[in-house]
Each structure stands twice: as C-alpha cells, then as structure tokens.
Number of protein chains: 2
Amino acid sequence: MRGLVHKYGGTSVATPEKIKNVAKRIIREKEKGLDMVVVVSAMGKTTDHLVELAGQISQHPDERELDLLLSTGEQVSIALLTMALQEEGYEAISLTGFQAGIKTVGPHTKNKIIDIDIDKVKDYLAEGKIVIVAGFQGMNELGEITTLGRGGSDTTAVALAAKLSFPCHIYTDVEGIYSVDPRLYKPAKKLEVISYEEMMEMASLGAGVMEPRSILIGQKYKVPIYVASSMNQEKGTYIKEYDGTMEEKVVTGLSVCDDILMVTISQIPDAAENMALIFDKLAARHVNVDMISQAASFEGLLSVSFTAKVEDRGAVQAVMDELDPQYHVCMESEISKLSVVGMGMRNQSGVSGRLFRILSDHKIPFRQVTTSEISISYAIDRLDKERAVAILSQELNL
Amino acid sequence: MRGLVHKYGGTSVATPEKIKNVAKRIIREKEKGLDMVVVVSAMGKTTDHLVELAGQISQHPDERELDLLLSTGEQVSIALLTMALQEEGYEAISLTGFQAGIKTVGPHTKNKIIDIDIDKVKDYLAEGKIVIVAGFQGMNELGEITTLGRGGSDTTAVALAAKLSFPCHIYTDVEGIYSVDPRLYKPAKKLEVISYEEMMEMASLGAGVMEPRSILIGQKYKVPIYVASSMNQEKGTYIKEYDGTMEEKVVTGLSVCDDILMVTISQIPDAAENMALIFDKLAARHVNVDMISQAASFEGLLSVSFTAKVEDRGAVQAVMDELDPQYHVCMESEISKLSVVGMGMRNQSGVSGRLFRILSDHKIPFRQVTTSEISISYAIDRLDKERAVAILSQELNL
C-alpha cells in the first residue's frame, strides 16, 4: 500500500465551508493514487464550549464523563468531513477512535495510545475508501471512551501513520516550523527540515506547533512528518531522522516560553537531605520542575533556584508554606525562558561561549542557565524578552 | 431488584439548569431505595442543529454518517446529567447506546432494537450506581453506531424497562395523555389511565405524545408506562393492560391529524387489476397509504379515494403521472383526519351511529370514513376541523 495520513486541526474544520476545502485537499492526494487516512480535531471552539458546559454543572467534573463528553467533538467533524468527500463523489467512511481500533491506557483525559488494531482501517483502504478517523480519542480495555489530552490528534495521526508505514502530514494554522516564532521575530526563517530530536526540544521548550509526544512516536517508528498550512499550498517543514546534511547549521532554532515561575530558596542549612526534601514535596504535588541551579554553600547555608509553570503556582506555594520558616523564599513570575536548539551543538564546542558573549555585549542579564546535549536555555526577565529574541535571532541568523 | 426507568426528552434537558433539576427528580426516586436507570434525549434543539450542519455539506447526507453525527447529541446530555448527579453526591455513570448493550438492526436512521445485553447495566445498578443511558441510539452487528428514528428515546426507555422488569416513566413537556389535544380543545380532560391498544391508536392517529413503536414494546412485555410532565409534580397518565374497569368509557379519546393528502382517482375501468396496479405502484415508492374507500362501479367505471401524508406528495404525484391518462385524478391537501378511539367500541354497537348523527346535526361534511376495531376515523376539510373537534369533544364528554 502507498498511502498518506493527513491531520487537520480545529481551525481547519471550523465551518462547513472549511470542511469542504479540506475535502478538496484530500481529494488532490487521493487522485495521485494514494490510500488516504485523515485524522481531524473537533470543529473550531467546540471542545472549549463543551468544557464550559461541563463547568456550568460541576466545578470538578468526573474525568470519565468529561472524556465521553469531549469525544463527541471529533465525532461530529469526522461525519461532516466524510459527507463532504461523498458529496464530491468519493467513497469515504468515518471511524470514531474505538471503531478505528485505537486502544489506550492511563487516567481519563490523559490516556496514551498503547496499540492500534489497524485491520479495519486497512480493510476500508483496500476497498478504495478514504478513511476519516476521530483524533484525540480511543477506548481502554474496559470499553470506556478515553481522550489523549493536549496534542492528542497529532498523536493519533502519527500513531496511525506508524502502524500503516505511511508518511504523516500535519496541516495546521501555521505554515511550518520556524527557527523562531514569527510573532516574536518577524524575519524568522521557515525551516525546510528539522530532526525529531530538535523538534522535540523545540516542542517541549515552547514552540507550540506540535506536542513532543507525537514527535516521540514519529521518531520511534521513523514516520516522516510534514507540517504545513491547511489554508494554502506553501511549502512546510519536514520532521525526520537526523542526517549529516543538517549538520552544517549549528543552531536550528530559538524557542521561547513565557509563564515561567522562578523560585529562589535561600538560608538552607547545607545538607543533602534538606534539598531532597524540597524536591520530594514538589514532586508529591505534581509540580513539573524545569531548570534547577544551586549556588555553592556560603557559611554553611545554601540557596537554590528552580523554575516551574505559572499554572503550578498554587501547588508551589503550598510546598513553600510547609518548609522550615527560617528559609527565605522568593517567587517571581515575570520570567521568560529562551532556548537555543541545534543538533550541531552536540559536536561543536563554543556555542555556549558565543551565546554568553552576545547576551553580555547587549547587557541582557540572565537569571538561570541550563543545558542539554542539543540546547542551552536561559531564564531572563520578561521585560528583556523581545530584545533578547531579536538580538539572538539576528546574531544566529535564524 | 426494585427499580424504575425514567426518560427525559430534549426540552427537559435543554440547559445546564434544567439538567440539574432533572438530577433532583431522579434523586427523589433513588432515595426511595429504587434502582434507577435514566434515558435522555439530546439537549433542546441539538439534533435539529446537527441535521442543519449536515445539510450545509450535503443535500442528501449518507445515513451511516448521519447516525454517527446525530448520536453525539445524546452522548453530550448523558455525560452532563451524570456530572449533575455526581455533583449532588450520588454515584452515577453514563452509557452510550452501544455501551448499554443496545443491539439494533435495519437501515441507518431507522434502526430497531433487536435485543439488549443488559448485564453491564445490571452490574452498575448492583454497585449502587444510577445508570444514565443515551436514548435514540444503538449499535448494529457490524459495530456501526445506529439511531432509532422518531420517538427513538421512548423506545430505548421502554425496551430497557422491559429487559429489567421495571416500570417506565416518560417525562415530557405535556402533563400526560389527554382525551383530545388541549391546544385544539381547551377543556380536554387528562386521562388517568389508558390501555396500550387505545394509546397505540391515539399515537398512530396523531396524538403525538408517544410513538406507537414504544407502546408496542410496552404491550408485548407488559411494561407499566407512566407519562407526566418533567416540569412539575402533577399527576400524569398510566398506560397499561386493558382491564374491565376501563370498560365503562366507550370513547377514550379523539385524535387529530393534519397534513393529510386526499387523492381521488375516477374513470378507472372496472377490473381488479387496475386497482391493484395503483396500490402496487404506491407501495413501490414507499407511500404510506392510510384511508381507502372505493365507490361502487357506475357504467363500468370505478372511483377510489385514499389518504397519505402530505410529505409523500412528490411520490404520489410520480405514481399519478404513470397512470393511464384517461384516469381523472384529484389531489387535495387541506384535509384533516379525526379519529374517535375507545376500547369500549369493541362491544358497544351504536357508537358509529351516534357519531354520524352528531356530524350530520352540525352540518359537518366528511369526505371519507374508515373504522378499526376500536376506532372510527373521518377525513374532513381542514376548515371544519376546529368546529368538529369542539362539537365531538363536548358531545362525547372528552
């Protein structure tokens, strides 16, 4: 079988008119002789509307019920898209998550795909049908309808592509992956290609186009992914395995993350268990701690800084309230994180030196630094963000 | 198990506020120690809205896809009602049609329930949970989501009640079954009780409160049905097996049906096969022919009148166009059908005489008459309808 998985997000199917346009895009591929599987999200703001309805009934709606409620959004869009294809004279069939054989595990609203019974999809493809699958949803072994959480439809699409050995095209409201968010730096360049590893760093560090989990599946099963706009025919970005040709570029992108909470705790008596206790308590409250830096002990007292999401502020505050009152705690929320990402950084030394030099020359103070094998991240004051993005983008030719 | 099935229609769950009220009604029964199974329709105008969406994509949307689309309406309301019960501190769980084990057969959009795998519902009841089931939907043996057509949620409710040996309460936007539609005759009396047979005649003859198919299931499995308002605590109407106590009343009700098309064909050569051909052709086009009356042959030529639904006008016209052009055809659509229904008419003669006398005394001409064992129906001009309803209701003390 030669085929292709397409995925369209909510804005791409927000109205009947847009659904008809999506149908035409699918038909263009079908006419090339490709077997087509298409994953769609709920129309426009449907999911938000359903969450709001639930909120009018309960402050904390049961998550099993929430899954059953939210899964209707995609069920509506698959039926309508299928009708649009049939209206154009093509054979098509819609499948809900469970009808498409998508098996999931985990807690409701945050399920993970564990496997796909792909036979039904293959049978319909063999009959010449275009198969339209509801994104974001599946069924667990108890026969409960489940949803996959943020970025769930991308995950559905890449997982189906993996199972079918098809490439996966993600059509969205941006034209591809940019080295820097064009809303922050207008001259930002669109990338022709990016490796899974870089994309994962970019995604988890805030690029926002695709969720890291779908990239992880893509990497594991070597699914060629292509991200482009659903609104036009502009060339998008390929996400694929790293190869030598990408090496020339040391730095691929700069990703920016706002809504960072930076916490500094000082006056901690210098003992490993004191530090362990703090991070144990944060973990117990499911706070996702990101950057951690600890200064050397001074007069037997330590200080440590870490960042978390602003949305976890309540949980962080609760942990701080439990600490020894002699500790000094400072929480700041007007913080942004800038991350420079590039596979080339693995082998090339000197990138960090260059970055420190740029920031120093332009008098941009940074509060924390952390590094991974292919990235360096700086926590800076929000006020300095725009200037820092512009300068780094220019200097690194992004 | 001692339990009860409740069914709430779309207007009863049209808003989060109304859903919360329905939850309170269910809790009152649960607190009496009853196992509760609740069937709900889609919220308010949801189904109409979904049909309209489909209509914007296709003039004749595929019926499989339409089923998948429409079934989302009930899925939303079961999740929300379940959340409302949980919010009040009660254990509850929602089940889509297929999760509740509702197996169906037939063409899409018009499926019939063939059986219910009731174990899952029973298990949840045994755990003390209130079970909320999506009305109007099920799954066929291919694993396709199906819907049950008009009155489908009533059918779901009565079928579940039959399977569980529970009574079934249908809560709706009317306060029960009236001897005559109160919108047509204000002083109409609400019936305390009506037999399945009478209700079926009333339903199929146009009373509009319940679909005949759900009554048929109720009769077959002897499910006591109770119809009342979801908005207040007023006493409603019991639908149950006929017993002697109901006999005293000869006439139970008067049902009225508008949108009747009356067709008269004359100049037909007197041969049985000519008549057969006409009705064969009507059947082939799925025209539901209701009243038929044939006048005696005159000079070797016959004439016949029949009624059908106005919505079948196109199909009827197509048949008429195929007939021998020497036939004379007259189609009238400003026709209403009045039907007088009562179990007592089985044994009591003289009812028809009395009815003819009333119509004659008040100079109300009728165009056709047909009778069943427990009913007499008259086709009259729409213009005479209101006067005829008032006079018959008064004279028969309805």
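The values are calculated or read from the model by the stated rules, or taken from the named source; none is laboratory data. All values reported here derive from a predicted model rather than from experimental measurement. Every residue, glycine among them, receives a Cβ derived from its backbone with ideal geometry; neighbour counts consider all protein chains shown. These accessible areas exclude ligands, DNA and RNA; they are computed on the full protein's heavy atoms, side chains included. Shrake-Rupley method; radii C 1.70, N 1.55, O 1.52, S 1.80 Å.
The condition of being at pLDDT 90 or above and either more than 14 Å from every other protein chain (Cβ to nearest Cβ) or crowded, with 22+ Cβ neighbours inside 10 Å (or both) holds for only one of A:175, A:192, A:144, that being A:192.
Run down B:292, B:374, B:364 and say which single residue is at pLDDT 90 or above and either open to solvent by 40 Å² or more (accessible area, probe 1.4 Å) or closer than 30 Å to residue B:250 by Cβ (or both).
On the way: B:292 fails: at pLDDT 90 or above; B:374 fails: at pLDDT 90 or above.
Answer to the check: B:364.
Can you find a residue that is within 17 Å of the chain's Cα centre (by Cα), of a type in the set (S, T, N, Q) and farther than 26 Å from residue B:378 by Cβ anywhere in the range B:268-285? Scanning the range B:268-285 turns up no residue that is within 17 Å of the chain's Cα centre (by Cα), of a type in the set (S, T, N, Q) and farther than 26 Å from residue B:378 by Cβ.
Selection over the range B:298-356 of residues that are within 27 Å of the chain's Cα centre (by Cα) and in a loop (DSSP other than H, G, I, E, B) gives a count of 2. Over 30 Å from residue A:254 (Cβ atoms) and in a loop (DSSP other than H, G, I, E, B): does that describe residue A:142? Considered against the rule, which asks whether it is over 30 Å from residue A:254 (Cβ atoms) and in a loop (DSSP other than H, G, I, E, B), residue A:142 comes out as yes. If the condition is being within 18 Å of residue A:335 (Cα to Cα), open to solvent by 10 Å² or more (accessible area, probe 1.4 Å) and not in a helix (DSSP H, G or I), then the range A:377-398 contributes only A:381. Mind checking which residues of the range B:268-289 are open to solvent by 60 Å² or more (accessible area, probe 1.4 Å), touching a Leu at 6+ places or on another chain (Cβ under 9 Å) and assigned to a helix (DSSP H, G or I)? Residue satisfying the conditions is B:277 alone. Between A:42, A:54, the distinction of being within 19 Å of residue A:133 (Cβ to Cβ) and at pLDDT 95 or above belongs to A:42 only. In the range A:302-325, the residues that are over 11 Å from residue A:285 (Cβ atoms) reach residues that are open to solvent by 70 Å² or more (accessible area, probe 1.4 Å) and at pLDDT below 90 with C-beta atoms within less than 6 angstrom, at least six apart or across chains, in these pairs: A:302/A:270; A:304/A:294; A:306/A:292; A:307/A:290; A:310/A:259. Taking the listed residues A:239, A:217, A:265, the one that is of a type in the set (Val, Ile, Thr), modelled with pLDDT of 90 or more and in a helix (DSSP H, G or I) is A:217, with no other qualifying.
All conditions but one from (1) away from chain B (no Cβ under 11 Å); (2) farther than 20 Å from residue A:147 by Cα; (3) modelled with pLDDT of 95 or more apply to residue A:2; the one that does not is (3).
Scan the range A:84-105 and give yes if some residue there is more than 12 Å from chain B (Cβ to nearest Cβ) and surrounded by fewer than 23 Cβ atoms within 10 Å (Cβ to Cβ), otherwise no. Checked against the condition, which is being more than 12 Å from chain B (Cβ to nearest Cβ) and surrounded by fewer than 23 Cβ atoms within 10 Å (Cβ to Cβ), the range A:84-105 yields at least one hit. Just checking, does the range B:233-252 include any residue being touching a His at 6+ places or on another chain (Cβ under 9 Å) and open to solvent by less than 20 Å² (accessible area, probe 1.4 Å)? There is at least one residue in the range B:233-252 that is touching a His at 6+ places or on another chain (Cβ under 9 Å) and open to solvent by less than 20 Å² (accessible area, probe 1.4 Å).
In the set A:70, A:53, A:81, only one residue is within 10 Å of chain B (Cβ to nearest Cβ) and either open to solvent by less than 10 Å² (accessible area, probe 1.4 Å) or aromatic (Phe, Trp, Tyr) (or both); that residue is A:81.
May I ask you to verify whether residue B:17 is open to solvent by less than 20 Å² (accessible area, probe 1.4 Å), within 14 Å of another protein chain (Cβ to nearest Cβ) and acidic (Asp, Glu)? Against the criterion (open to solvent by less than 20 Å² (accessible area, probe 1.4 Å), within 14 Å of another protein chain (Cβ to nearest Cβ) and acidic (Asp, Glu)), residue B:17 does not qualify.
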